[in-house]
Amino acid sequence: MERAARAFWLRSPGQGEIRDVSLPEPGGDDVVVRTLCSGVSRGTESLVFRGGVPRSQHTAMRAPFQDGEFPGPVKYGYLNVGLVEEGPHHLVGRTVFCLYPHQSRYVVPASAVTPVPDTVPAGRAVLAGTVETAVNALWDAAPMVGDRIAVVGAGMIGCSVAALAARYPGVRVQLIDSDPARAAVAEALGVDFALPEDALGACDLAVHASATEAGLARSLELLAPEGTVLELSWYGDRRISVPLGEAFHSGRLVLRGSQVGRVSEARRSRRTFADRLALSLELLADPAFDALVTGECAFEELPSVMSRIAAGDLPGLCHRVVYDTAAPPASA
């Protein structure tokens, strides 16, 4: 009995396709997962789709279950929610999250999946990887009670950071973006919104997630003396200018990078990757996060949809991909 599946591949920069794949026979410690939905991590996957991963970062940017190599052919992605069809008894029938690409069915070690809490719908659980990035960022930033916080860039990551930061007692959180339509998302998340020119200054912390040179400059401008910009944007093969003149030195400002590939140093000795992901899924019990899912398509439509997302013709936040759950598990 051959186990059949369908997978989204980037054939070459700008050219996506759906391929038939055969799954390996599962071992005793493996699970067979039937995908219910996956999410497009808009910023990173657009950059991969355009072929913008620098050669120096080909190893660092590998997804956990990536096949192929940059710039292509490559199977890339890491926001997958599915149903365990075979595997250890305690997982069979459970909805799980996995850092797996866009594929209708797959075989992975049981240790690679995280059960989705009953309080979190499968369609919202695709945000787990995004919220995990926000959790790690806040571990890095370590905001304090009463802090004044600016989040510059209301994409998936920025919105997730703002939503979690707003839970700190007494904080002032403002989500900042050049698109006035993002005000509705900010309202749904329970945070204030401002256009860049109207943003409140004197901030203790600015989290930058717009992936633009202008956004980084504005983040530095919004800081109070001895404030910190936490940089979450990844620019791929683009070179940007950083304004380190003006008040940067006299204000003793800090510009710090943060990346989800390693657990924050502040928690690394006490939290594992699994702990961080499980926490992120628990946080998604809040229905406010539904505001981050702004589009949906069928799996077979993904090649054309991904092209539109990468080109900027299909704006939004998380784009959810839904799968034919009636598909048979195997073919002779």
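Throughout, read-outs are computed from the coordinates displayed, never taken from laboratory work. Keep in mind it's a predicted model, so treat the numbers as computed, not measured. As a convention, Cβ positions derive from the backbone with ideal geometry for all residues, glycine included, and neighbour counts pool all protein chains shown.
Along its three principal axes, how long is the chain when you only count alpha carbons? Whole Å, largest extent first please.
Its Cα atoms span 70, 39, 36 Å along the three principal axes.
From the gyration tensor of the Cα coordinates in the stretch 1-146, what semi-axes in whole Å does the equivalent ellipsoid have, largest first, with each one equal to sqrt(5λ)?
Equivalent ellipsoid of the stretch 1-146: 25, 24, 13 Å, largest first.
For a Förster distance of 41 Å, can you work out the FRET efficiency between the beta-carbons of Ala142 and Asp324, rounded to the nearest 0.05?
With R0 = 41 Å, the Cβ-Cβ based efficiency is 0.40.
How large is the direction-averaged shadow of the alpha-carbon convex hull of the stretch 181-235, in nm²?
4.1
Please work out the C-alpha center-to-center distance from the stretch 146-190 to the stretch 217-243 and express it in whole Å.
17
Could you derive backbone 3J(HN,Hα) for the stretch 263-278 from the dihedral phi with the Karplus parameters 6.51, -1.76 and 1.60 (θ = phi - 60°), listing whole Hz in sequence and x where the residue is Gly or Pro?
Using θ = phi - 60°, the values come out as 5, 3, 4, 5, 10, 4, 7, 10, 10, 9, 4, 5, 4, 5, 5, 4 Hz.
Go through 129-142, 265-278, 81-94 and give me the packing order, highest mean Cβ count within 10 Å leading.
Highest to lowest by the protection proxy: 129-142, 81-94, 265-278.
What FRET efficiency comes out for Ala214 versus Ser111 if R0 is 35 angstrom and r is the Cβ-Cβ distance? Round to the nearest 0.05.
With a Förster radius of 35 Å, E is 0.25.
From the phi angles alone, apply the Karplus equation (6.51, -1.76, 1.60; θ = phi - 60°) to the stretch 37-52 and give each ³J(HN,Hα) in whole Hz, x where the residue is Gly or Pro.
Ordered by residue, 3J(HN,Hα) equals 7, 9, x, 8, 7, 3, x, 5, 5, 5, 5, 4, 4, 7, x, x Hz.
Work out how much length Glu85 to Ser250 would gain on full extension: take 0.36 nm times their residue separation and subtract the Cα-Cα distance, in nm to one decimal.
Extra length from Glu85 to Ser250 when fully extended: 53.4 nm.
For the chain, what's the relative contact order in percent, using C-alpha pairs closer than 8 Å and at least 6 residues apart?
Across the chain, relative contact order equals 21 percent.
List, largest first, the extents of the alpha carbons of the stretch 97-174 along their principal axes, each in whole Å.
The Cα atoms of the stretch 97-174 stretch 46, 23, 22 Å along their principal axes.
Can you tell me the FRET efficiency between Arg238 and Glu296 if r is taken as the Cβ-Cβ distance and R0 is 30 Å, rounded to the nearest 0.05?
0.50
Counting only C-alpha contacts under 8 Å and six or more residues apart, can you give the relative contact order of the stretch 68-187 as a whole percent?
18
Quick check: the angle from helix 156-165's long axis to the longest principal axis of the chain, C-alpha only, nearest 10 degrees?
For 156-165 against the chain, the angle is about 60 degrees.
Take the Cα atoms of the stretch 130-257, build their convex hull, and give its volume per residue in Å³.
Once divided by residue count, the hull of the stretch 130-257 is 96 Å³.
Between the alpha-carbon centers of the stretch 67-121 and the stretch 249-273, tell me the distance in whole angstrom.
A separation of 28 Å, based on Cα centres.
In percent, what relative contact order does the stretch 130-257 have, based on Cα pairs under 8 Å that are 6 or more apart in sequence?
Answer for the stretch 130-257 is 22 percent.
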